[in-house]
Amino acid sequence: MKKILFTGGGTAGHVTPNIALFPKLRKKNYDIYYIGSKDGIEKGLIENESIPYYGISSGKLRRYFDMKNFTDVFRVIKGVGQAVNIISKLKPDIIFSKGGFVGVPVAAAAKIKGIPLVCHESDITPGLANKLAAPFAKKICTSFPETLRYIPEKKGILTGSPVRADLFEGKREKGLEFVGFDGSKPIILIMGGSIGSVKINNAVRGIIDRLTEKFDIIHLCGKGNIDMTLKNHAGYRQYEFISEELKDIFAAVDIVCARAGSNSVFEYLYLKKPMLLIPLSKEASRGDQILNANSFKEKGFAEVLEEENLTDETLYDSVINIYNNRHNYIKNMSEASLPNGVDEIIKVIESCLKNN
C-alpha cells in the first residue's frame, strides 16, 4: 500500500483542496497522513476526516519587517527537524504540499529525506511558501494557466483546482428548507471569506431593505459578525459559517457575492454560479485576489467590484447587473474547458512516484 503525506495550513484555503483529494486516494488504497501546525485551523479540519495528524513548529512568513521574523527562523528550523523525524517514522512514498507557512519545513525535510514532493499553487502568482518550496519540488501544479510563467521551467503543470466532489451533490430543496425560503425570489449568497469581511457585511446591511425587495439573501458573515438587530428581517438569513449544508445552499442560490480566494472562485465556476467578486485590496494582501478576480472577469465568468470602490450604491448596482446578465455568465462558464483538478493532480502524484 502506498503512503502519501500531506501538508498545508494557516487558512482553510490551504486545507480544503487537500481534503478534496482524500476520497479518490482512499479508493486507490493510499495510506494518508498529514503534517500541520500544532494549533492551526488545519488540525480540526483534518482530524474530522479521520486522518492521522502530526503537529510541528512553524513560523509565520511575512513580507514586512517584524522582530518576530528573527525568532520565527528558529521555529522553522525546529519544524524541519520535527518533520524529518515524522517522515523517518512514516516512510511516505510521496509528499503533497498545498502551501501555507507550515509547508516550508516539510518541503525542506522532504529534500533531506529524498522523498518526492509535489506542490499545488492556487493563485495566479505563487505565494511565498511555494516560492520557498519550489527548489525542493519535482512538480508544481497550478489552478490558473497564467501561473505557469512564474514556475521554474519543466516543473509547472496546469491541473486546475481540486474541487470537493460532494459540492456537486447538493439539493436545492434541502437548501431552501435549511434557510426557510420558499424559492419564490432569486437568492443571493454573500460570503466574506473564512473569517468574514466587515466592509462587505456593512455594505450589504446598509442596503438590506432594497435588496430584499427583489432577492432572498443568505449571508455568511464570519465568526462574531451576526447582527442581532436583523435576526428577524424578512428575506435575510445570516450565519457565521455553514459546513455540512453548504452544498445544498450552493444548489439553491442564483448568484454569489464574495471575496476572490482562488479555491472558492473555482468552486463557483465549476458549479456555474454567476459571481460578483470583491477582492481583498493590496493594502490588506499581496494582491493575489485582485489578479484572480480580474482573470475571471476577462474570461466572462464574473464581475469585479474593487474594495476601494465598495459602497452601498456600487454594491446594489453590481448585484442587479450580475443578476440581469446571469445567463451570459452561465453560458461562458458552461463553454469553458475545465480540467478535473482532482484527477489531474493525482495523475501528477502517480507520475512522480513512477519516475522516482
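Values in this text are rule-based calculations from the coordinates and carry no lab data. Since the model is a prediction, treat every value here as computed from it, not as a measurement. When we count neighbours, we look across all protein chains shown, and the Cβ atoms used for this are built from the backbone with ideal geometry, even at glycine.
General remarks:
- Relative contact order (%) - the stretch 254-356, alpha-carbon pairs under 8 angstrom, separation at least six: 26 percent
- Cβ-based net charge around Asn225, under 15 Å, with every Lys or Arg adding one and every Asp or Glu removing one: +4
- As a proxy for reagent exposure, ranking Lys2, Lys98, Lys91 by other Cβ atoms within 10 Å from fewest up yields Lys91, Lys2, Lys98.
- Surrounding net charge for Glu47, when Lys and Arg each add one and Asp and Glu each subtract one, Cβ distance under 15 Å: -1
- Positive minus negative residues near Asn202 (Lys, Arg vs Asp, Glu; Cβ under 10 Å): 0
- Here the Gaussian network model covers the chain, with springs between Cα atoms less than 10 Å apart; of Ala336, Ala108, Ala12, Ala336 fluctuates the most.
- For the chain, the 222 nm mean residue ellipticity estimated from helices alone, with every DSSP H stretch of n ≥ 4 adding -39500 (n - 2.57) and the total spread over all residues, rounds to -12500 deg cm²/dmol.
- Computed from backbone phi with θ = phi - 60° and the Karplus coefficients 6.51, -1.76 and 1.60, the 3J(HN,Hα) list for the stretch 306-315 is 5, 4, 4, 9, 6, 9, 4, 5, 5, 5 Hz; x is used for glycine and proline.
- Percent RCO, i.e. relative contact order, over the chain, from Cα pairs under 8 Å lying at least 6 residues apart: 15 percent
- Listed residues Thr11, Thr159, Thr142, most fluctuating in the chain (Gaussian network, C-alpha, under 10 Å): Thr11
- Modelled this way, with points 7 Å down the Cα-to-C-beta line, the labels at Ser281 and Arg172 are 3.9 nm from one another.
- The residues Asp216, Asp93, when put in order of fewest to most other Cβ atoms within 10 Å, stand as Asp93, Asp216.
- Centroid-to-centroid separation of the stretch 268-302 and the stretch 162-211 [C-alpha atoms, Å]: 17 Å
- Within the listed set Val73, Val84, Val342, the residue fluctuating most in the Gaussian network model of the chain (springs between alpha-carbon atoms under 10 angstrom) is Val73.
- The stretch 166-335 - percent relative contact order, Cα under 8 Å, separation 6 or more: 23 percent
- Interchain or long-range residues, amide H under 5 Å from Lys2's placed H: Asp31
- Placing a label point 7 Å from the Cα of Ile226 along the Cα-to-Cβ direction, the residues of the stretch 241-282 with a backbone N closer than 18 Å are 241-246.
- Once backbone amide H atoms are built at 1.01 Å from N, His219 has Ile190, Arg237, Gln238, Tyr239 as its partners under 5 Å, excluding neighbours fewer than 5 places away on the same chain.
- Between Ser243 and Asn328, the simple label model (points 7 Å from Cα in the Cβ direction) yields a spacing of 4.0 nm.
- By the count of neighbouring beta-carbon atoms within 10 Å, fewest first, Arg149, Arg286 end up ordered Arg149, Arg286.
- Checking every one of the GluC sites (Glu not before Pro) in the stretch 101-183 against DSSP loop status and a limit of 10 other Cβ atoms within 10 Å picks out Glu153.
- Checking (i) 19.4, 57; (ii) 21.7, 69; (iii) 20.7, 61 against the coordinates, the calculated Rg and Dmax of the Cα atoms in Å falls under label (iii).
- Multiplying the residue separation of Glu49 and Arg210 by 0.36 nm and subtracting their alpha-carbon distance yields 53.8 nm.
- Summarising the label geometry, the points placed 7 Å from Cα in the beta-carbon direction at Lys299 and Lys111 lie 3.2 nm from one another.
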